[in-house]
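Report on the following structure.
The values are calculated or read from the model by the stated rules, or taken from the named source; none is laboratory data. Keep in mind it's a predicted model, so treat the numbers as computed, not measured. Note that we place each Cβ from the backbone using ideal geometry, even for glycine, and neighbour counts take in every protein chain shown.
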């Protein structure tokens, strides 16, 4: 019997065994709805096509042999709708990967009538997400409602308490309640997945919980908010003010109508708190993070930083210090030569510095329906396969109590920009005050091109003076700036931006 005849017989047997139509086989296995019809008419596919299709057929597990994993989804916004769409579209390829079929069996959202662009026919609707989480009609609960408390928290607790695995993308919920939720999951034996809660489509949670082996993280840092990165990137590429960049980000959908959570650094802080717990086996402590946003970054800072060989990025950084944990979110001058400096636009990047693999950088989209839904599905697949790891990498009762290292003990270099009065003695006051605090100055730059008019009458001349310091203690810098401010030689607020060695 010829190879092509054997191939045709294999397909006909597959159709009969699985009760499939030729069109379904063509669409889901061969990638062409007319494939079987063409084959029956005598058209012979290439040998590599035959081999590929035979391999897919051999790996396929018949639907009657599977115990489907029934999924309940609470929240049908951008991510929830995309999740439903992907699972419905890729059901066959997913089942081949895990030997089990995934089905969306029930959903919950605010409005039944809203058109979300997905087919919800034959999917049970729950008005109450808590009732959905407890329902016997689902095996796994996906929480995409959002919010640190309220129905999101109640539904997740309900599911975990009933030994139902949970997958969530809710960083605010985990930042506030992550330790207690992990404890509930461990007591009932339920799994808790949250890959999508930190950096969207970047698989950093899986890397920390499973991928690093015995490697110990020494420091983690990264760009964790696409809105801020887009604004700072645009300011660096074009002569556009912060306010105009923010408006453009809102127009494009990269920033919310009320952008405070993003541009104020709070979104990054929530993600950093979760990362820190996984990296250093400490309790999650978002309230202990030092936070500065990007609202005060000006074109003057962007231009001077560029001339000095730096870019400005909003970074979240966490590391162990001698007297506790140091977690901080703030604008940072990073060398243009560093890998993180090349991450622009709405992309995110997270760097893990470890003892074994040294520096590992994970780069990708930090938000968006498809990217975030992809991370949700990654957790679902792990649960379907039976993969189990403690939610926070170690049992929750083994997490160290969080101890904050004083921020003013941070040691590093600094960029300091003064709007100084253009009068004799101003520079002397600045350098003398720095000297008293034993601050070593690497360079002093005066920028006549950035000179501005200030004062109550609008006619007081000022000049821009920028200092770059060598590594020094932050408390010393703060003390010097306080003394300089009292001298009367400075107009407005002085800009202080940390410089990181990356």
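Residue check: is residue 185 part of a helix (DSSP H, G or I), outside the structural domain of residue 265 (by TED's automatic domain parsing), in contact (Cβ under 8 Å) with a residue 40 or more places away in the chain and within 21 Å of the chain's Cα centre (by Cα)? Taking the combined requirement at face value, the residue does not satisfy it. Selection of the range 237-272 for residues being in a loop (DSSP other than H, G, I, E, B) and within 28 Å of residue 392 (Cα to Cα) yields 264, 265. Screening residue 391 against (1) closer than 28 Å to residue 95 by Cβ; (2) in a helix (DSSP H, G or I) leaves a single unmet condition, (2). Give me a count of the residues in the range 237-277 that are within 30 Å of residue 390 (Cβ to Cβ), surrounded by fewer than 22 Cβ atoms within 10 Å (Cβ to Cβ) and touching a strand residue (DSSP E or B) at 6+ places or on another chain (Cβ under 9 Å). Going through the range 237-277 one residue at a time, the tally reaches 1. Checked against the criterion of being in contact (Cβ under 8 Å) with a residue 40 or more places away in the chain and surrounded by fewer than 16 Cβ atoms within 10 Å (Cβ to Cβ), the candidates 364, 386, 368, 345 yield just one match: 345.
Among the criteria (1) within 23 Å of residue 204 (Cβ to Cβ); (2) touching a helix residue (DSSP H, G or I) at 6+ places or on another chain (Cβ under 8 Å); (3) not in a helix (DSSP H, G or I), the one residue 275 does not fulfil is (3). Quick one: is residue 322 under 30 Å from residue 178 (Cα atoms) and touching a helix residue (DSSP H, G or I) at 6+ places or on another chain (Cβ under 8 Å)? No, not satisfied. Within the range 62-78, one or more residues are farther than 30 Å from residue 126 by Cα, touching a residue at least 40 places away in the same chain (Cβ under 8 Å), surrounded by fewer than 15 Cβ atoms within 10 Å (Cβ to Cβ) and over 27 Å from the mean Cα position of the chain (by Cα). Looking only at the range 124-143, count how many residues are assigned to a loop (DSSP other than H, G, I, E, B) and within 22 Å of residue 378 (Cβ to Cβ). Adding up the residues that qualify gives 2.
Return yes when residue 352 is in contact with a helix residue (DSSP H, G or I) (Cβ under 9 Å, 6 or more places away or on another chain), farther than 21 Å from residue 263 by Cα and assigned to a strand (DSSP E or B) and no when it is not. So residue 352 fits the description; yes.
Each row is one residue, and each column tells you yes or no for (1) without any contact (Cβ under 8 Å) to a residue 40 or more places away in the chain; (2) assigned to a helix (DSSP H, G or I); (3) surrounded by 13 or more Cβ atoms within 10 Å (Cβ to Cβ).
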| residue | (1), (2), (3) |
| --- | --- |
| 49 | yes, yes, yes |
| 84 | yes, yes, yes |
| 104 | yes, no, yes |
| 113 | yes, no, no |
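Residue count for the range 1-20 under the criterion of being part of a loop (DSSP other than H, G, I, E, B) and more than 14 Å from residue 92 (Cβ to Cβ): the result is 3. If you go through the range 24-38 and keep only what is under 17 Å from residue 55 (Cβ atoms), without any contact (Cβ under 8 Å) to a residue 40 or more places away in the chain and part of a helix (DSSP H, G or I), you end up with 25, 26, 30, 35. Of all residues in the range 398-442, those that are in contact (Cβ under 8 Å) with a residue 40 or more places away in the chain and outside any loop (DSSP other than H, G, I, E, B) total 23. Against the list (1) surrounded by 15 or more Cβ atoms within 10 Å (Cβ to Cβ); (2) touching a strand residue (DSSP E or B) at 6+ places or on another chain (Cβ under 9 Å), the condition residue 146 fails is (2).
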